[in-house]
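All remarks here apply to the structure that follows.
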Amino acid sequence: QKEVEQNSGPLSVPEGAIASLNCTYSDRGSQSFFWYRQYSGKSPELIMSIYSNGDKEDGRFTAQLNKASQYVSLLIRDSQPSDSATYLCAAHEAGTYKYIFGTGTRLKVLA
Amino acid sequence: KAGVTQTPRYLIKTRGQQVTLSCSPISGHRSVSWYQQTPGQGLQFLFEYFSETQRNKGNFPGRFSGRQFSNSRSEMNVSTLELGDSALYLCASSPDNYEQYFGPGTRLTVT
């Protein structure tokens, strides 16, 4: 059973701090990874995709991928209360048309 | 571009009944995936369609079925509803089965 694992949290950070969200995956063949943000009662919203080892930055968000360690992370700089949500990590399963989602990390940004 | 639309948004059914949910993908997107989201299990993959063909299926009983039409619109059907089928059903579309974009979901309650 291929899995994506995330700490469920909640992860609490003060406003303006850096929030660091982590995810590990079991399918060594996975090549594509995604971070989604889901507000309570809403559907997931794509924030970042990453396909290569290293960092990818988009505004206040940085995704990091380390395929050797099977580890993906998302950094949110200058965290705002509006960033409070559940963040879902997903991996594209190798050789299929299927995504495996983690159960999400709940982030709380304290004003 | 208009986003992914799902109808209906809310549905209440009785055990034993069947239900059909509809999804219209973003224009130009040919891949449509369906997920079930529950508080306990997170996002669980149901199936994926591309150009009217089911390319992958998750570990759900045969009561769950789907199809895709030539205009990429998709439907999923659940027959003989059980209480445990109460969930948020999400549809996601993708141009190339990489970055997926979710619709608002259909919240199904089975009583």
Unmet requirement for B:Pro39, which otherwise passes all of (1) surrounded by 12 or more Cβ atoms within 10 Å (Cβ to Cβ); (2) within 20 Å of A:Lys42 (Cβ to Cβ): (1)
Cross-chain or 6+ apart pairs with Cβ under 6 Å, segment A:59-71 first and within 16 Å of A:Glu3 (Cα to Cα), then in a loop (DSSP other than H, G, I, E, B): A:Lys67/A:Asn53
Hits in segment A:35-48 (condition: modelled with pLDDT of 95 or more and among the polar types (S, T, N, Q)): A:Gln38, A:Ser43
Among the residues listed as A:Lys56, A:Lys42, the single one being more than 25 Å from B:Gly103 (Cα to Cα) and among the charged types (D, E, K, R): A:Lys56
Residues that are open to solvent by 60 Å² or more (accessible area, probe 1.4 Å) and closer than 25 Å to B:Thr106 by Cβ, drawn from segment A:38-75: A:Tyr39, A:Ser40, A:Gly41, A:Lys42, A:Glu45
Matching option when the condition is modelled with pLDDT of 95 or more and polar (S, T, N, Q), among A:Ser32, A:Ser52, A:Ser73: A:Ser73
Count of residues meeting criterion [open to solvent by less than 30 Å² (accessible area, probe 1.4 Å), outside any loop (DSSP other than H, G, I, E, B) and under 26 Å from A:Thr96 (Cβ atoms)] in segment B:4-36: 10
Residue check for A:Arg37: among the charged types (D, E, K, R) and under 10 Å from the mean Cα position of the chain (by Cα): yes
In segment A:76-111, the residues that are open to solvent by 40 Å² or more (accessible area, probe 1.4 Å), of a type in the set (A, V, I, L, M, F, W, C) and modelled with pLDDT of 95 or more: A:Leu110
Contacts under 7 angstrom Cβ, first residue in segment B:18-35 being within 11 Å of chain A (Cβ to nearest Cβ), partner assigned to a strand (DSSP E or B) and open to solvent by 20 Å² or more (accessible area, probe 1.4 Å), 6 or more apart: B:Ser31/B:Phe50; B:Tyr35/B:Gln44
All positions within segment A:85-109 that are of a type in the set (Gly, Ala, Ser) and within 12 Å of chain B (Cβ to nearest Cβ): A:Ala90, A:Ala91, A:Gly95, A:Gly102, A:Gly104
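Conditions tested, residue by residue: (1) closer than 26 Å to A:Pro14 by Cα; (2) free of Cβ contacts under 8 Å to residues at least 24 places away in the same chain; (3) of a type in the set (Asp, Glu); (4) assigned to a strand (DSSP E or B).
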{"site": "A:Ser79", "(1), (2), (3), (4)": "yes, no, no, no"}
{"site": "A:Leu88", "(1), (2), (3), (4)": "yes, no, no, yes"}
{"site": "A:Ala91", "(1), (2), (3), (4)": "no, no, no, yes"}
{"site": "A:Thr96", "(1), (2), (3), (4)": "no, yes, no, no"}
{"site": "A:Ile100", "(1), (2), (3), (4)": "no, no, no, yes"}
{"site": "A:Leu107", "(1), (2), (3), (4)": "yes, no, no, yes"}
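Would you check which residues across segment B:43-65 are under 13 Å from B:Pro25 (Cβ atoms) and either assigned to a strand (DSSP E or B) or at the interface with another protein chain (Cβ under 9 Å from one of its Cβ atoms) (or both) and list them? Steps first, answer last, please.
Keep residues of segment B:43-65 that are under 13 Å from B:Pro25 (Cβ atoms), which gives B:48-52.
Answer for segment B:43-65, where residues must be under 13 Å from B:Pro25 (Cβ atoms) and either assigned to a strand (DSSP E or B) or at the interface with another protein chain (Cβ under 9 Å from one of its Cβ atoms) (or both): B:Glu48, B:Tyr49, B:Phe50.
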Single match in B:Ser31, B:Ser22 (criterion: hydroxyl-bearing (Ser, Thr, Tyr) and within 11 Å of the chain's Cα centre (by Cα)): B:Ser22
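The values are calculated or read from the model by the stated rules, or taken from the named source; none is laboratory data. None of these values were measured; they are calculated from a predicted model. Cβ: placed from backbone, ideal geometry, glycine included. Neighbour counts: every protein chain shown. Accessible surface is based on the protein model in full, side chains and every heavy atom, while ligands, DNA and RNA are left aside. Shrake-Rupley method; radii C 1.70, N 1.55, O 1.52, S 1.80 Å.
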